[in-house]
1. Rounded to whole Å, give me the distance from the Cα center of the range 137-215 to that of the range 87-123.
2. How much length is gained on full extension from Ala132 to Ala152, taking 0.36 nm per residue of separation minus their Cα-Cα distance?
3. Using a/c under 1.5 as the rounded threshold, could you call the range 120-204 rounded, prolate or oblate? The axes a ≥ b ≥ c are square roots of the C-alpha gyration tensor eigenvalues, and prolate needs a/b larger than b/c, oblate otherwise.
4. For a Förster distance of 35 Å, can you work out the FRET efficiency between the beta-carbons of Lys83 and Phe189, rounded to the nearest 0.05?
5. Can you work out the FRET efficiency for the pair Val159 and Asp210, with r the C-beta to C-beta distance and R0 = 30 Å, to the nearest 0.05?
6. How much length is gained on full extension from Arg222 to Lys106, taking 0.36 nm per residue of separation minus their Cα-Cα distance?
7. Which pairs, out of Lys108/Lys177; Lys153/Lys177; Lys144/Lys216; Lys80/Lys144, put more than 21 Å between their alpha-carbon atoms?
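Bear in mind that the values in this text are calculations on the coordinates, not laboratory data. Nothing here was measured: the structure is a model prediction, and the numbers come from that model. Here the Cβ positions follow ideal geometry from the backbone for every residue, glycine too, while neighbour counts run over all protein chains shown.
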Amino acid sequence: MSKFLKGHKLVIVVFILQFLLGCSANNVVEEQNKDDNQVESKIDQQTEVDLRAYLPIREGMIYKYQGEGNEYATFTTETKFIKDNLIQVHKNNGGTEIASVYRVEKEKVVLLQENPEFYSDTNLLNDVGDKADAKEVILKSPLKVGEKWNNAKERREIVAIDEQLTTPAGDFYDVVKIKVTSIEEDRDFESYEYYAKNIGLIMLESRGEDYQVTSKLKSYGRLE
């Protein structure tokens with residue numbers, strides 16, 4: 001066989017190998033892009049969450065929290081009344097009782113009204129209009145790490161959406177963690193709120209230079 005034919009065959013073999021390798025590389029890239037798209041789709045699904053799951057509207061629910069750090073860290077909350085997307089919750093820490101009214105929507109959870117020293121079972125929801133202004137925005141979409149917003153006296157930031165947390169009430173997954181800091185110059189505090197899907201608030205944590213106060217969910221259930 002002539003050197004020309006041998007060289008010609010060698011060129012053909014090299015070309016075929018390059019073609020096969022190129023196809024293989026393209027397949028790898030396509031598979032990688034497919035995987036990346038699936039990951040992005042999963043992230044999108046995580047951020048497009050119905051926030052009503054994080055403050056369930058269930059009348060008669062009682063949540064008991066075990067506290068450490070000060071005498072008022074132990075408290076109980078009870079869902080007294082519900083009306084459409086409104087919920088009235090009473091908090092009792094042994095020293096005082098506070099009645100709070102929330103509007104719970106798919107894309108936002110807001111505190112509308114807060115009544116300290118409230119020692120009656122009066123239904124406040126009938127006096128709250130559908131367009132009542134928010135006193136504080138507790139949660140808002142998108143449920144995404146890094147999202148921030150300001151209320152009148154505080155800044156809130158989503159710092160995690162997939163926390164794992166254990167409290168006396170059990171183990172919780174995909175917990176949303178909210179960092180709360182003051183925007184007032186004369187106040188300096190840092191606290192965290194932890195919300196579990198289909199449960200609600202499962203832990204509060206406040207930190208300072210010389211203190212740390214925590215309240216962890218101990219039990220929850222409907223009032224019989």
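1. 18 Å
2. Working: separation 20, 0.36 × 20 = 7.20 nm, distance 1.59 nm.
Full extension from Ala132 to Ala152 adds 5.6 nm.
3. Values: a/c = 1.73, a/b = 1.18, b/c = 1.47.
It is oblate, given that a/c is not under 1.5 and a/b is not larger than b/c.
4. On the way: r = 33 Å, r/R0 = 0.95.
Efficiency, rounded to the nearest 0.05: 0.55.
5. Working: r = 23 Å, r/R0 = 0.77.
E(calc), rounded to 0.05, equals 0.80.
6. Values: separation 116, 0.36 × 116 = 41.76 nm, distance 2.32 nm.
Contour length minus Cα-Cα distance gives 39.4 nm.
7. On the way: Lys108/Lys177 16 Å; Lys153/Lys177 19 Å; Lys144/Lys216 24 Å; Lys80/Lys144 31 Å.
Checking Cα-Cα distances, Lys144/Lys216; Lys80/Lys144 exceed 21 Å.
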